[in-house]
Amino acid sequence: MLGNRSPIYDTLLILHVLVGMIGYGAVVFSGVFSRKLLREGPTESTLKYFDGSINIPGMFVGLVPVFGVIVLLVGKRNLPDLTKGWFDLAVAIWIISGAVAFMRIFPAERRLHQAILAESENVGIIAKAISVASGVCALLYAAAFYLMLFKPRL
């Protein structure tokens, strides 16, 4: 085990935070572009964003717990955190937000692309669903980030 202030530990912790910011940042951008689509209709930027491809940066949401576990196991003084209420709540929040991203946002992005191409009436419904799910994920991410950063007594 490494000390919690070693360069390797710090690098892994930074990677854990960056992976979360990239993944959840992509989820937020999905919400931003879906709201833009609702306001303005299909534009060049919304068509480019919802192009039917996999949201690779968004998939980083799934790597958050991977790096979190590595940070937990590598740090000398981290294992007692497993018994803390803030840790349990943060993990539960990540599970919920990850489920929302992988079950509500990412599949809907592909459906939205197909609906736009088909000029379907469902474009607004799908875009609204992405927008709402993105907002939920953003709030959950902020809550989990707060818990991990400040480790409040729960």
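Per-structure values
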item: Estimated inter-spin distance, Ile125 and Phe145, nm [label 7 Å along Cα→Cβ]; result: 3.3 nm
item: Karplus-derived 3J(HN,Hα), 6.51/-1.76/1.60, for each residue of the stretch 109-122, Hz, glycine and proline x; result: 4, 5, 5, 5, 4, 5, 5, 5, 4, 7, 6, 6, 5, 7
item: The chain, dipole about Cα centre (Lys/Arg Cβ +1, Asp/Glu Cβ -1), debye to the nearest 20; result: 500 debye
item: Relative contact order (%) - the chain, alpha-carbon pairs under 8 angstrom, separation at least six; result: 35 percent
item: Leading residue at positive end of dipole, the chain (Cβ point charges), from Leu112, Ala133, Thr83; result: Thr83
item: Sparse-neighbourhood loop sites, trypsin sites (Lys or Arg not before Pro) in the stretch 58-154 - DSSP loop, at most 10 other Cβ within 10 angstrom; result: Arg77, Arg153
item: Fewest-first ranking of Phe87, Phe50, using other Cβ atoms within 10 Å as the exposure measure; result: Phe87, Phe50
item: Sorted by Cβ neighbour density within 10 Å, fewest at the top, the residues Tyr24, Tyr141; result: Tyr141, Tyr24
item: Residues Val123, Val32, Val17, Val100 arranged by fewest to most Cβ contacts within 10 Å; result: Val32, Val17, Val100, Val123
item: Calculated log₁₀ intensity ratio I(q)/I(0) where the Debye formula runs over C-alpha points of the chain, q = 0.11, 0.14 Å⁻¹; result: -0.48, -0.70
item: In order through the stretch 91-104: 3J(HN,Hα) via Karplus (6.51 cos²θ - 1.76 cosθ + 1.60), integer Hz, x for Gly, Pro; result: 5, 4, 4, 4, 4, 5, 5, x, 5, 4, 4, 7, 9, 10
item: Degrees between helix 64-74 axis and first principal axis of the chain (Cα, 0 to 90, nearest 10); result: 10 degrees
item: At most 13 other Cβ within 10 Å, DSSP loop - GluC sites (Glu not before Pro), the stretch 95-137; result: Glu119, Glu121
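No value in this document is a laboratory result; all are computed from the given coordinates. All values reported here derive from a predicted model rather than from experimental measurement. Positions of Cβ are backbone-derived with ideal geometry, glycine not excepted, and every protein chain shown enters the neighbour counts.
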